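Derivation of every value follows stated rules applied to the coordinates shown; laboratory data play no part. These figures come from a predicted structure and were not determined experimentally. FYI the Cβ positions are ideal-geometry reconstructions off the backbone, even for glycines, and counts take in every protein chain you see.
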Amino acid sequence: MSEAHSLIIQDIKAKMGGRLTIMGHHYQNDRVIRHCDLRGDSLELARKVSGLKSEFIVFCGVTFMAETAAMLASDRQKVIQPSPDAGCVMSDMAPRALLDAVMRKLTTNGRRIIPLAYVNTAAAIKAVVAQYGGSVCTSANAETMLKWAMGQGDGVLFLPDANLGMNTANRLGIPESKWARLDISGMAKNVDSNALKDKNLLLWPGLCVVHKRFKPEQIDEIRQRDPDALVVVHPECHPNVVNKADAAGSTSLIINYVAQAPREAAIYIGTEISLVERLAKEYRNEKLVRPLFPSLCQNMAKTTEELLAATLQDLEGAEAVTVPKDVARMATVAIERMLDICS
Ligand code: SF4
């Protein structure tokens, strides 16, 4: 049956030609990604949307990515997410009302706190961030963006991924004594701006459940077995994991790392399993590529080839990804600020 789905997709793509673009994040499974005209990490995909001319953009990924695509697309383009229920657990950890409450608390003593949101957040969060003079970042440009945000005010609120915030701070040499992990429970009732006045990096306590599964002990065990093995991980992993790895970076960095590793190298990867399996297959005759631990993103996995075929069969009837105009206007300010800074 899956070959039938594949044939349907190929057939529709051939008939639609330039009217259709299928985009896919690196964490999509092989059966889906093989049909994508464009693939990439969040930053690469966001950059590519603006240059597209096609009438339909089918986005294989999770909701915050499809929202970003919808905001960057023109009014005459329709962005469709084959699996509209594919959210992101990390993104859900930063609801808008809570961010409003935290920002109010953090700025009561007149400090200018710049919110810097990981792109893995809802459009509504990006809009709030823009209102406070902040921006967004991806794992590929977190260093540039954190450095920029640090120069804009008295401190930065990094959200929602505390691990990415800590790993980026380590790279920039921001001492741990300047960080504070916020207690945002009870609608931020414990956030005390005066108690935080010596801290200039405030961390929202969110994380990615997929990258939480990687542990330093897994790297120890590999090193014991094979001291020459290389380990590369995503910066959504805890700093204790990142610090033990040979390299850390975005999915694009991981892909390049594997490409550039010497022939016959053994490379262990700490990121979502679909990408690791794809790299293992691609390099099977040259290098040994293995997961540090097999960790699947259930939301990314919701987009199947069957669903993609069904979506393409009813492009006109499919629901478009939309973001309320006022939210989109402000969220786009945050995204474009990032694209400008990183151009
Ligand atoms: S891998 Fe983590 S951050 Fe990415 S979509 Fe899945 S839960 Fe969200």
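When the Kirkwood radius is taken over all Cα pairs of the stretch 91-207, what Stokes-Einstein diffusion coefficient follows at 37 °C and 0.692 mPa s, in µm²/s? Numbers along the way, then the final one.
Values: Rh = 13.7 Å.
For these conditions, the coefficient is 240 µm²/s.
Normalised by the residues of the stretch 211-296, what does the relative contact order come to in percent, with Cα pairs under 8 Å and at least six apart?
30 percent.
Let me test this: with uniform point scatterers at the alpha carbons of the stretch 211-296, what is the Debye-based log₁₀ I(q)/I(0) at q = 0.12, 0.14, 0.21 1/Å?
Listed by q, the Debye log ratios stand at -0.28, -0.39, -0.92.
Show that you can apply the helix-only estimate: for the chain, add -39,500 (n - 2.57) for every DSSP H stretch of four or more residues, divide by all residues, and state [θ] at 222 nm to the nearest 500.
Details: 16 runs with 145 residues, N = 343.
Rounded to the nearest 500, the figure is -12000 deg cm²/dmol.
When the chain is treated as a GNM, springs tying every alpha-carbon pair under 10 Å, which of Glu236, Glu286, Glu306 comes out with the largest mean-square fluctuation?
Between Glu236, Glu286, Glu306, it is Glu286 that shows the largest mean-square fluctuation.
Give me D for the stretch 31-129 in µm² s⁻¹, whole number, from Stokes-Einstein with Rh from the Kirkwood sum over alpha-carbon pairs, 37 °C and 0.692 mPa s.
Stokes-Einstein gives a translational diffusion coefficient of 218 µm²/s.
Run the numbers on the stretch 91-207 and let me know its relative contact order in percent, using alpha-carbon pairs under 8 Å that are six or more apart.
31 percent
Which of the three applies to the chain, rounded, prolate or oblate, going by the alpha-carbon gyration tensor with a ≥ b ≥ c and a/c under 1.5 meaning rounded?
oblate
With a cap of 11 neighbouring Cβ atoms within 10 Å, and only residues DSSP puts in a loop, list the trypsin sites (Lys or Arg not before Pro) found in the stretch 62-168.
Arg76
Among the listed pairs Lys105/Lys325; Lys53/Lys281; Lys13/Lys53; Lys48/Lys215; Lys13/Lys287, give every one whose C-alpha distance is greater than 24 Å. Before the final figure, lay out each step's value.
Details: Lys105/Lys325 28 Å; Lys53/Lys281 33 Å; Lys13/Lys53 15 Å; Lys48/Lys215 34 Å; Lys13/Lys287 34 Å.
In this structure, Lys105/Lys325; Lys53/Lys281; Lys48/Lys215; Lys13/Lys287 lie more than 24 Å apart at Cα.
Helix hunt in the chain: which complete DSSP H runs extend at least 27 Å axially by C-alpha with mean Kyte-Doolittle at least 0.5?
Details: long enough: none.
Length and hydropathy pass: none found.
Any idea what diffusion coefficient the stretch 93-159 gets from Stokes-Einstein, in µm²/s, Kirkwood Rh on alpha carbon pairs, 37 °C, 0.692 mPa s?
279 µm²/s
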